[in-house]
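Novice: Take a look at the following structure, please.
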Amino acid sequence: MSENKENIYVCRCEEITVADIERAIEAGATTLTAIKVRTNAGMGVCQGMTCRKNIERMLRERKVDPGCIKHSPYRFPVRSVSVADLAADAPKKEVEDHE
């Protein structure tokens, strides 16, 4: 069974395929950060928690110098927060009456 690399997602959050990552590597991306800049892989809601290891594996399989596979820090997953929710959690100041 042949695989269509355009249909296999590495980064589901940003819909980045195996072919997208391979093109970035062929264009000279040899670090996770360089791949992130070229493709947006690892920039979605999970912040690379899902795709990072697959991208590292792809770099190793292409014999990229292990010293070039620099680890970028994990970031906490993003959650949308409304301004109203932030305001509700803000400490309340007591207003003094200066009459």
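The values are calculated or read from the model by the stated rules, or taken from the named source; none is laboratory data. The model shown is predicted, which means the values in this text are computed figures rather than measured ones. Every residue, glycine among them, receives a Cβ derived from its backbone with ideal geometry; neighbour counts consider all protein chains shown.
Novice: Only one residue in GLU56, GLU99 is assigned to a loop (DSSP other than H, G, I, E, B) and either at pLDDT 85 or above or out of contact with any Asp or Glu (no Cβ under 7 Å at 6 or more places or on another chain) (or both). Which one?
Specialist: GLU99
Novice: For region 32-47, name all the residues that are of a type in the set (Val, Ile, Thr), out of contact with any strand residue (DSSP E or B) (no Cβ under 6 Å at 6 or more places or on another chain) and either farther than 12 Å from MET58 by Cα or surrounded by fewer than 18 Cβ atoms within 10 Å (Cβ to Cβ) (or both).
Specialist: Residues satisfying the conditions are THR33, VAL37, VAL45.
Novice: Can you tell me which residue within region 13-31, out of those that are under 14 Å from the mean Cα position of the chain (by Cα), surrounded by 13 or more Cβ atoms within 10 Å (Cβ to Cβ) and at pLDDT 90 or above, is nearest to SER80 (Cα to Cα)?
Specialist: CYS13
Novice: Filter region 1-26 for residues that are of a type in the set (A, V, I, L, M, F, W, C) and not in a loop (DSSP other than H, G, I, E, B) and give the result.
Specialist: If the condition is that a residue be of a type in the set (A, V, I, L, M, F, W, C) and not in a loop (DSSP other than H, G, I, E, B), then VAL10, CYS11, ILE16, VAL18, ALA19, ILE21, ALA24, ILE25 are the ones that fit.
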